[in-house]
Amino acid sequence: MPIVRQAPAWQQSGMTPKEALRRTCSRAPLRRSLTVAVAVGTVLNAINQGPELIAGHPLIIWKFALNYFVPFAVASYGCYWAFRSSD
C-alpha cells in the first residue's frame, strides 16, 4: 500500500500568499504592527542605548532604526502567517 502524505497545515489554507500579503498590508494590521514596533522598539532602545545616551554619547542611528524595524517585521510576519493559515 503506498504511503499518502498530507500537506502541512499552512499549505492547506484557502488563502493564497498574494491575498495574505495584501491583507497584511491593509490599514488595521499595519497600524497594529506599528503600535507593537513603537512600544517594543522604545523599550529596546532604552535597554540597548540608554546608558550611552544618559552619559551624553551620540545616538547610534542604525541601532536605533533596527530596534524599531525588527519588532515591526516580526509583528507583520506573524500577521501574514495568521492570514495565510486562516480559511
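The values are calculated or read from the model by the stated rules, or taken from the named source; none is laboratory data. Source: prediction; values computed, not measured. With ideal geometry, Cβ positions are generated from the backbone for all residues, glycine too; neighbour counts draw on all protein chains shown. Just so you know, the surface numbers come from the protein's heavy atoms only, side chains and all, with ligands and any DNA or RNA stripped out. Shrake-Rupley method; radii C 1.70, N 1.55, O 1.52, S 1.80 Å.
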Could you list, in sequence order, the residues of region 75-84 that are open to solvent by 70 Å² or more (accessible area, probe 1.4 Å) and in contact (Cβ under 8 Å) with a residue 24 or more places away in the chain?
81
Might you check whether a residue that is modelled with pLDDT of 80 or more and farther than 14 Å from residue 65 by Cα occurs anywhere in region 6-13?
no
Single residue of region 37-73 satisfying the filter (in contact with a Phe, Trp or Tyr (Cβ under 9 Å, 6 or more places away or on another chain) and open to solvent by less than 60 Å² (accessible area, probe 1.4 Å)) that is farthest from residue 20 (Cα to Cα)
49
